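The values are calculated or read from the model by the stated rules, or taken from the named source; none is laboratory data. Remember, predicted model here, so these are calculated numbers, not experimental data. Every residue, glycine as well, gets a Cβ built from its backbone with ideal geometry; the counts of neighbours run over all protein chains shown. Note: accessible area is taken over every heavy atom of the protein model, side chains too, but ligands, DNA and RNA are not part of it. Shrake-Rupley method; radii C 1.70, N 1.55, O 1.52, S 1.80 Å.
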Amino acid sequence: MFDSYEQLEARFTGESDRAVYSRVDNPTVREFERLMARIEGADVSAAFASGMAAVTAAVFSQVRPGDRIACVRGVYPDTYRLFERVMKPFGVAVSYHPVEAFENDPELLRGVRLAYLESPVSITFDLLDLDKTVAHARRHGAVTAIDNSWATPIHQRPIAHGVDLVIHSASKYISGHSDVVAGVVSGSAAAMQPVIDTQVPLFGAKMAPLDAWLLIRGLRTLDARMERHARSTETLVARLEDHPLVDRVHFARAGAVRSLKGNSGLFSIELNAAVSVRAFCNALTLFRLSVSWGGFESLVFPAAIGKVQKAEGNSMAEFGVPDNLVRLSIGLENAEDLWSDLVSALQQGAAA
Ligand SMILES: *Cc1c(COP(=O)(O)O)cnc(C)c1O
């Protein structure tokens with residue numbers, strides 16, 4: 001509220017930046033955005049009501065009908081659906097490429113408006129060399145956007161590697177407590193201008209102040225939580241790699257590409273043919289079955305369930321994810337308790 005005509009007028013002429021309406025600007029949300037911009041190394045962050053609202057804002061801020069998007073193969077399933085079910089009918093061409101093509105094919109991004117990246121990639125956990133990809137993108141004038149939810153700014157700061165827009169589902173590690181659905185986009189003042197001018201006010205998927213308050217609390221422990229997630233996960237991955245009932249572990253290891261400085265708690269395993277995925281999942285007691293990840297509690301999600309989902313544009317089926325694959329999110333519980341739970345469930349899965 002304003003005390004005078006002059007104060008209200010100053011807000012509308014732009015002389016004052018006082019918050020006027022929470023769909024556009026709110027002091028608590030502004031504080032979360034300020035903190036995110038600082039840890040991401042960005043000029044500006046904009047907070048949204050979900051990770052998908054952040055993805056949508058970043059994409060719509062850059063592309064027009066007739067443009068082309070080149071996207072990593074294995075991208076987050078709902079981003080894939082956004083591209084297939086919204087962007088394509090909107091007149092935007094979208095193609096999917098393995099990480100190697102972004103790194104090694106200098107012509108891949110010719111004529112491309114937006115390179116849409118994840119590293120590691122959601123389903124396969126392949127890592128992308130951001131420096132090589134950004135160099136190709138710049139040569140062809142393509143904008144780069146990356147979903148950095150997996151690594152968090154603690155482990156990877158893509159802006160320092162020249163990426164234009166960094167997206168987070170803040171519902172994952174940034175919240176850390178599985179009690180918020182939220183998203184954020186960060187970048188330079190210039191890259192963020194269309195997001196701030198049009199996507200935030202006109203799409204209207206603004207973050208709620210109470211969610212911003214919870215996320216500010218989450219940020220206070222992000223570093224400590226990531227350290228614990230990493231330590232437990234390193235222990236479990238090493239043991240799973242040696243376990244006879246596990247054929248393969250898909251884990252994005254810190255240092256495998258220059259940008260990635262630390263490990264996170266999300267990876268997947270391929271169970272041996274002797275193990276029933278269903279019996280393994282049902283035998284777990286500490287790990288719960290659910291979507292999402294990045295919270296305090298350990299979760300599993302079997303790919304076979306993702307594939308029975310009838311939604312048009314099922315990326316798990318499209319990208320050929322094997323039926324024996326199970327994604328694990330390692331929470332903050334005692335690592336030895338988690339290990340006992342996995343070993344017991346593997347044995348029960350093999351006995352079934
Ligand atoms: C969960 C997720 C999203 C979507 O975020 P919401 O907050 O659920 O809308 C986007 N990208 C990745 C990699 C995710 O895991």
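Which residues, taken from the stretch 1-26, are loosely packed, with under 15 Cβ neighbours inside 10 Å and touching a residue at least 60 places away in the same chain (Cβ under 8 Å)?
Passing the criteria: S22, R23, V24.
May I ask you to list the residues in the stretch 27-47 that are among the charged types (D, E, K, R), surrounded by 14 or more Cβ atoms within 10 Å (Cβ to Cβ) and within 17 Å of K206 (Cα to Cα)? Don't jump to the end; show me each part of the working.
Taking the stretch 27-47 and keeping what is among the charged types (D, E, K, R), we get 30-31, 33-34, 38, 40, 43.
So of that shortlist, the ones also surrounded by 14 or more Cβ atoms within 10 Å (Cβ to Cβ) come out as 30-31, 33, 40, 43.
Selection gives R30, E31, E33.
Among the residues of the stretch 93-109, is there at least one that is of a type outside the set (G, A, S), within 11 Å of the ligand (Cβ to nearest atom) and open to solvent by less than 10 Å² (accessible area, probe 1.4 Å)?
Pass one, the stretch 93-109, residues of a type outside the set (G, A, S): 94, 96-100, 102-109.
Add one more test, that the residue is within 11 Å of the ligand (Cβ to nearest atom), and what stays is none.
There is no residue in the stretch 93-109 that is of a type outside the set (G, A, S), within 11 Å of the ligand (Cβ to nearest atom) and open to solvent by less than 10 Å² (accessible area, probe 1.4 Å).
What's the number of the condition S50 fails, among (1) open to solvent by 10 Å² or more (accessible area, probe 1.4 Å); (2) touching a Ser or Thr at 6+ places or on another chain (Cβ under 8 Å); (3) in contact (Cβ under 8 Å) with a residue 12 or more places away in the chain; (4) away from the ligand (no atom under 16 Å from the Cβ)?
Evaluating S50 over (1) open to solvent by 10 Å² or more (accessible area, probe 1.4 Å); (2) touching a Ser or Thr at 6+ places or on another chain (Cβ under 8 Å); (3) in contact (Cβ under 8 Å) with a residue 12 or more places away in the chain; (4) away from the ligand (no atom under 16 Å from the Cβ) leaves (4) as the failure.
Need pairs with beta-carbon distance below 6 Å; first residue over 21 Å from G41 (Cβ atoms) and within the stretch 188-205, second open to solvent by 50 Å² or more (accessible area, probe 1.4 Å) and among the hydrophobic types (A, V, I, L, M, F, W, C); sequence gap 6+ or separate chains.
Cβ pairs passing all conditions: P201/V24.
Count, please, the residues in the stretch 272-309 that happen to be out of contact with any Cys (no Cβ under 7 Å at 6 or more places or on another chain), outside any loop (DSSP other than H, G, I, E, B), within 16 Å of the ligand (Cβ to nearest atom) and among the aliphatic types (A, V, I, L, M).
So the first thing to find is which residues in the stretch 272-309 are out of contact with any Cys (no Cβ under 7 Å at 6 or more places or on another chain), and the list is 272-288, 290-299, 301, 303-309.
Okay, now just the ones that are also outside any loop (DSSP other than H, G, I, E, B), so 277-283, 288, 299, 301, 303-308.
Pick out the ones that are also within 16 Å of the ligand (Cβ to nearest atom) and you get 299, 301, 303, 305-306.
Subset that is among the aliphatic types (A, V, I, L, M): 299, 303, 305.
Count: 3.
Pull up the stretch 53-88, narrow it to residues that are in a helix (DSSP H, G or I) and of a type in the set (D, E), then point me to the one that is surrounded by the fewest Cβ atoms within 10 Å (Cβ to Cβ). Show your work before the answer.
Initial filter on the stretch 53-88 (in a helix (DSSP H, G or I)): 53-60, 77-87.
In the following step, the residues that additionally are of a type in the set (D, E) were identified as 78, 84.
Details: D78: 19, E84: 16.
Top of the filtered list is E84.
Answer with yes or no whether S232 is touching a helix residue (DSSP H, G or I) at 6+ places or on another chain (Cβ under 7 Å) and closer than 30 Å to S45 by Cα.
The answer is no for S232.
Working only within the stretch 170-195, note down all residues that are open to solvent by less than 20 Å² (accessible area, probe 1.4 Å), in contact with an Asp or Glu (Cβ under 8 Å, 6 or more places away or on another chain) and among the polar types (S, T, N, Q).
Within the stretch 170-195, just S186 meets the criteria.
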